[in-house]
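For reference, the structure is listed below as structure tokens.
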Amino acid sequence: MHPLLRAAVPAFCKVEVEGLANVPRHGPTCLMINHVSYLDPIVVTVSIPFRHTVSLSKAENFRIPVAGWFLRQWGHFPIRRGEYDRNALMQTIALLKSEQLVLMAPEGTRHTGGLQQAKDGLAYIAAKANAVIVPAAICGVEDWRQRIKRLRRAYAKVVFGPPFRFRSDGRKRIPRAELSQMINQAMFQLALTIPDDYAHLRGHYSDIENAASDRLEFA
């Protein structure tokens with residue numbers, strides 16, 4: 001499915017990529033994205049030609065006959081939103097420990113108006129798996145439906161920022177308050193990855209001048 005997507009997408013969406021060298025070619029890697037449209041997992045998959053991308057998708061999508069089949073063939077797996085989904089949590093950790101590249105949206109759902117307060121799940125998962133986190137900013141794709149209706153190609157810009165790990169100091173258990181601090185600092189790294197031309201997408205994390213990073217270790 002990945003080669004088919006990479007071959008087909010340029011016909012309806014122009015994808016510009018920056019910072020691809022920041023994506024590790026091997027090892028447990030978590031792609032941390034700002035989620036602005038249904039096209040996000042597709043344009044990210046197309047942007048990384050040298051790795052398989054695994055994504056989470058809300059469980060409801062897997063009940064749609066054609067879409068559910070497509071998602072399974074693509075390599076997605078379901079997560080139940082709005083509740084503690086231990087199965088999805090442990091599966092994500094297992095995938096990362098087996099050195100996969102997993103795409104995650106820390107906000108939990110789409111937000112076209114800018115980044116919102118993130119949940120702690122990504123920090124817990126990445127710390128448990130000792131995974132590298134790569135912030136991936138997706139810009140310009142919000143109006144893809146309107147462009148296609150006008151018989152124009154959609155547009156997306158994907159920017160990969162500097163990779164880092166969470167500083168766990170070898171601990172197996174990290175307090176909830178510290179996880180919140182970690183994800184907050186990680187989200188500021190995602191906001192810094194968003195180009196100034198799309199600064200409105202930084203949303204809740206627009207105050208990038210005061211971004212801290214003492215809980216992060218840059219690769």
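Nothing in this text is a laboratory measurement; each read-out follows from the coordinates by a stated rule. Keep in mind the model is a prediction, meaning the values are calculated, not measured. Don't worry about glycine lacking a Cβ; one is built from the backbone with ideal geometry, like all the others, and counts go over all protein chains shown.
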For the stretch 165-199, which positions are farther than 26 Å from residue 113 by Cβ and crowded, with 22+ Cβ neighbours inside 10 Å?
166
Is it true that residue 206 is surrounded by fewer than 19 Cβ atoms within 10 Å (Cβ to Cβ), of a type in the set (S, T, N, Q) and in contact with an Asp or Glu (Cβ under 9 Å, 6 or more places away or on another chain)?
no
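Do we find that residue 125 is crowded, with 19+ Cβ neighbours inside 10 Å and either under 27 Å from residue 200 (Cβ atoms) or in contact with a Lys or Arg (Cβ under 7 Å, 6 or more places away or on another chain) (or both) in this structure?
For residue 125, the condition - crowded, with 19+ Cβ neighbours inside 10 Å and either under 27 Å from residue 200 (Cβ atoms) or in contact with a Lys or Arg (Cβ under 7 Å, 6 or more places away or on another chain) (or both) - is not met.
So, in the stretch 33-67, how many residues would count as being hydrophobic (A, V, I, L, M, F, W, C) and assigned to a helix (DSSP H, G or I)?
Total satisfying the criteria: 8.
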Condition set outside any loop (DSSP other than H, G, I, E, B) and small (Gly, Ala, Ser), scope the stretch 78-97, selection farthest from residue 30 (Cα to Cα): answer is 88
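Just to confirm my filter: which helices (runs of 4 or more DSSP H) fall fully inside the stretch 100-219 and include at least 2 residues that are within 20 Å of residue 90 (Cβ to Cβ)?
121-129, 176-193
Among the residues of the stretch 9-32, write down those that are part of a strand (DSSP E or B) and either surrounded by 20 or more Cβ atoms within 10 Å (Cβ to Cβ) or aromatic (Phe, Trp, Tyr) (or both).
Passing the criteria: 15, 29, 30, 31, 32.
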Here the residues within the stretch 43-61 that are surrounded by fewer than 22 Cβ atoms within 10 Å (Cβ to Cβ) and out of contact with any strand residue (DSSP E or B) (no Cβ under 7 Å at 6 or more places or on another chain) are 49, 50, 60, 61
Any residue in the stretch 170-190 that is under 15 Å from residue 210 (Cα atoms) sitting within a Cβ distance under 8 Å of a residue that is among the polar types (S, T, N, Q)? List the pairs, counting only those 6 or more apart or interchain.
185/213; 188/213; 189/213; 190/34
